[in-house]
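The values are calculated or read from the model by the stated rules, or taken from the named source; none is laboratory data. Please read these numbers as outputs of a predicted model, since none were measured by experiment. Here the Cβ positions follow ideal geometry from the backbone for every residue, glycine too, while neighbour counts run over all protein chains shown.
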Amino acid sequence: MHLTSIVNSTLSKVSAFRNFKTTYLYFMKNLFSVTRIPAASMKMPVSDEFYHVLLLDGTGIITVDFVEYAFSGKTAFFASPFQNVTLHTRDAAEIDLLKFHGDFYCIEYHKKEVACNGLLFNNIYLFPHFPVSDEIFAELQDYFGKISSLEHDEAFSDAVLRSYLQLILAISSKVKGKLLPEKNLATTRLQELTDFQNLVETHFLKEKSPAFYADLLHISPNTLSKKIKAEYHKTPSQIIQERVILEAKKQIHLTRKSIKEIAATLHFEDEYYFSKYFKRHTGISPTQFREKTGISIVADL
């Protein structure tokens, strides 16, 4: 081969490698990040395709999909993709924010390691935040700091980042798991609440009216609404709607079913009505949700 051809071939390979490396680094940086942001930047709703982990130290209100949760002191907060989140606080100037995409770390695939799916994320019955001790708060902040200081182009950086993220989720799951019985975050206060939750899980695909559940519980819709509101800070209608949307998100993200098939599975009249319902509660269409979050590797297992 002529020397010029060899040089051109080599240069082409070097250019291709650089392009691949640039694309890879862009891919990594846009799938996983840790930043410190002004608390005021979250006064307007934040909603995107990422899982969010926030570390807060102060007093205020977090609003998730129009449901308010008060927090005080050192707090860890978790949000799933395309939940609408706002933050109002009087004394927390900055917050630590970790964001990761399901393509970077699949919580469904790693459920045995971190046990965060259904505990930290994707649970309509549990509070999305909980208080943490000074020691745990400092430990989580330390991992946030290690992530921030790691260069993405270092060897094995993606594996190290996943390990740090896994530790953050595992520690948080352990802390919240211990708090559930102590803080009564689980629905055990009144039998009707537990029964309501079980009934929703059984019938939500077909029955979306609170009156249906009140009738099965032999109480009036108004009584059911008062009890649910006191426990969950949501109305029965919101609970049912959130359960439908959660199942829709699972079907869109964790399966390769068409949107039409998913609409039929969820007992909607047609694909158009399902898309309208989904967008009304998430701000994005089912097709856009799939494009943004992708299809999980769990879909092919």
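Looking only at residues in the stretch 34-61 that are more than 21 Å from residue 144 (Cα to Cα) and among the aliphatic types (A, V, I, L, M), the one that is surrounded by the fewest Cβ atoms within 10 Å (Cβ to Cβ) is 44. Would you be able to say whether some residue in the stretch 109-119 is over 27 Å from residue 67 (Cα atoms) and not in a helix (DSSP H, G or I)? Yes: the stretch 109-119 contains one or more residues that are over 27 Å from residue 67 (Cα atoms) and not in a helix (DSSP H, G or I).
When each of 96, 91 is tested for being surrounded by fewer than 21 Cβ atoms within 10 Å (Cβ to Cβ), closer than 18 Å to residue 138 by Cα, in the same structural domain as residue 163 (by TED's automatic domain parsing) and among the charged types (D, E, K, R), the lone residue that passes is 96.
Checking each residue in the stretch 95-144 for being touching a helix residue (DSSP H, G or I) at 6+ places or on another chain (Cβ under 9 Å) and free of Cβ contacts under 8 Å to residues at least 24 places away in the same chain picks out 117, 118, 123.
Criterion first (at pLDDT 95 or above and either assigned by TED's automatic domain parsing to the domain that holds residue 51 or of a type in the set (Ser, Thr, Tyr) (or both)) does residue 265 satisfy it?
Values: at pLDDT 95 or above: yes; either assigned by TED's automatic domain parsing to the domain that holds residue 51 or of a type in the set (Ser, Thr, Tyr) (or both): yes.
Criteria met by residue 265.
Residue 140 fulfils the conditions (1) within 24 Å of residue 298 (Cα to Cα); (2) in contact with a Leu (Cβ under 8 Å, 6 or more places away or on another chain) except for a single criterion, (1). Does residue 88 satisfy the criteria of being outside any helix (DSSP H, G or I) and farther than 18 Å from residue 56 by Cβ? Against the criterion (outside any helix (DSSP H, G or I) and farther than 18 Å from residue 56 by Cβ), residue 88 does not qualify.
Being surrounded by 16 or more Cβ atoms within 10 Å (Cβ to Cβ), in a loop (DSSP other than H, G, I, E, B) and among the hydroxyl-bearing types (Ser, Thr, Tyr) is true of residue 105. Of all the criteria given as (1) closer than 20 Å to residue 46 by Cβ; (2) within 14 Å of the chain's Cα centre (by Cα), the one not satisfied by residue 115 is (1). The single condition among (1) crowded, with 17+ Cβ neighbours inside 10 Å; (2) under 22 Å from the mean Cα position of the chain (by Cα); (3) at pLDDT 95 or above; (4) not assigned by TED's automatic domain parsing to the domain that holds residue 120 that residue 232 does not meet is (3).
Looking at residue 244, is it surrounded by 19 or more Cβ atoms within 10 Å (Cβ to Cβ) and either under 22 Å from residue 50 (Cα atoms) or of a type in the set (Val, Ile, Thr) (or both)?
Here the answer is yes, as residue 244 does meet what is asked.
Yes or no, residue by residue, for (1) assigned to a loop (DSSP other than H, G, I, E, B); (2) at pLDDT 95 or above:
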{"residue": "34", "(1), (2)": "no, yes"}
{"residue": "40", "(1), (2)": "no, no"}
{"residue": "44", "(1), (2)": "yes, no"}
{"residue": "49", "(1), (2)": "yes, yes"}
{"residue": "52", "(1), (2)": "no, yes"}
{"residue": "55", "(1), (2)": "no, yes"}
{"residue": "68", "(1), (2)": "no, no"}
{"residue": "76", "(1), (2)": "no, yes"}
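Please determine whether any residue of the stretch 279-295 is farther than 23 Å from residue 121 by Cα and surrounded by fewer than 17 Cβ atoms within 10 Å (Cβ to Cβ). The answer is no, given that none of the residues of the stretch 279-295 is farther than 23 Å from residue 121 by Cα and surrounded by fewer than 17 Cβ atoms within 10 Å (Cβ to Cβ).
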